[in-house]
1. Can you list the residues, at least 5 places off or on another chain, whose amide H is less than 5 Å from the amide H of residue 34, using H built in the peptide plane?
2. Got a sec to turn the phi values of segment 187-197 into Karplus ³J(HN,Hα) couplings, 6.51 cos²θ - 1.76 cosθ + 1.60 with θ = phi - 60°, whole Hz, x for Gly and Pro?
3. Please list, in order along segment 257-266, the HN-Hα scalar couplings obtained from phi with the Karplus expression 6.51 cos²θ - 1.76 cosθ + 1.60 (θ = phi - 60°), rounded to whole Hz, x for Gly and Pro.
4. Starting from the Kirkwood Rh over alpha-carbon pairs, what translational D in µm² s⁻¹ does segment 1-157 have by Stokes-Einstein at 20 °C and 1.002 mPa s?
5. Find which of 28, 321, 302 sits farthest along the positive direction of the dipole of the chain, computed with +1 on the beta-carbon of Lys and Arg, -1 on that of Asp and Glu, about the Cα centre.
6. Expected output is a single nm value to one decimal: the length gained when fully extending between residue 28 and residue 74, i.e. 0.36 nm times separation in residues minus the C-alpha distance. What is it?
7. Hey, can you grab everything whose amide H is under 5 Å from the amide H of residue 200? Only 5+ residues off in sequence or another chain; H modelled, so Pro and N-termini drop out.
8. Please list, in order along segment 141-147, the HN-Hα scalar couplings obtained from phi with the Karplus expression 6.51 cos²θ - 1.76 cosθ + 1.60 (θ = phi - 60°), rounded to whole Hz, x for Gly and Pro.
Amino acid sequence: MSARVPSNFLLVPGPWRRPGEVVEALKARGVDAHAAWDEPIAAGQVRVDVIEDERLGSGFARGRSGPLPSELVERVAACRRAARVEIGQTLDADPTRVAEVGRALRDAGGLAVRLEASGVASPWKPWLELLSSGGASELCELSVCFVRDEDDAFFTCGMHGFDLPDAEIIAADAEIAIDWLDALSVYQLAEQPALASGHTFRPYAEAAPRVLERWPDHRHHPEAGRYNPFGVWRLRPEGVSRLEARAHVPTIVPPLVAMLTAAERSAKRALTREEVAALVSEASAIALEPRHIREMERSRGYADIEPELAWEQWQVVRETL
């Protein structure tokens, strides 16, 4: 079995009609690209498709910091075709390479760029400047957005572009919520900490720490570009904790989510709470350090559900599917 290769998708409106036109334009500017999608992407590979969408203008109306220039949005809306470009790497692995691809697309007539992991759109100049800096804060700024839902939960979208979980927090104050989420995003990217449920985090020394709890991404379908297979860190309310941090975490192998999926397919019905609990208690497990769990997740491309919260998290997975 070949090793998993992470990738990121760019959407770039432009004058192209067929994938071959984009491939030739990129090659003319020193970027090797392909239009073949019949095999998994290779590390560092660039491959291209062209999509047609009458709603491109609305998809490029806003960036992370607010509305994009109206003149640019009008040009995108009039274009109606965009290059869908996949790059075989996480964004932080080689930002210079991603910037090289972006400049080639811009010079070939690309009007703007949108990262499909988050839907964050941008004009070329600030996007290339942030990407070229290569800093964790700048990379998060160009690729991660903050969203508020109807339950006063604020959450990030786009961290799977780095093979990292997103995060969410319930707060009445938007500024405070974004401070927490932004700090956690940058911390994950800059320090690459081996976090696990039960660990605590705070954005600055004066803040009371909050417990982290990993949950599946329940807001996006697994086939959607904004779905995060590595889940979401829920920042629990101050003083509230359910899971204990451990130096070695009991880890079910094969993944519990795969076992439960297979069991439901075999039974041809939904499992009961008692059946899920029995599968968890009878499953083989090994004790692993959080850093080894993170390596295993990245290797297979997704995080498992928490055994101690198996029933609740399995319902999230089932509903998402």
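1. 46, 47, 48
2. 4, 4, 6, 6, 9, 6, x, 8, 7, 8, 4
3. With the stated coefficients, segment 257-266 comes to 5, 5, 5, 5, 4, 5, 5, 5, 5, 5 Hz.
4. Details: Rh = 16.0 Å.
Value of D from the Cα-based Kirkwood radius: 134 µm²/s.
5. 28
6. Values: separation 46, 0.36 × 46 = 16.56 nm, distance 2.82 nm.
Gain on extension, residue 28 to residue 74, equals 13.7 nm.
7. 212
8. Working through the residues one at a time gives 5, 7, 10, 10, 10, 10, 10 Hz.
The values are calculated or read from the model by the stated rules, or taken from the named source; none is laboratory data. The structure presented is a predicted model; accordingly, all values stated were derived computationally and were not measured. Cβ sites come from the backbone with ideal geometry, for glycine too, and all protein chains shown count toward neighbours. Just so you know, the surface numbers come from the protein's heavy atoms only, side chains and all, with ligands and any DNA or RNA stripped out. Shrake-Rupley method; radii C 1.70, N 1.55, O 1.52, S 1.80 Å.
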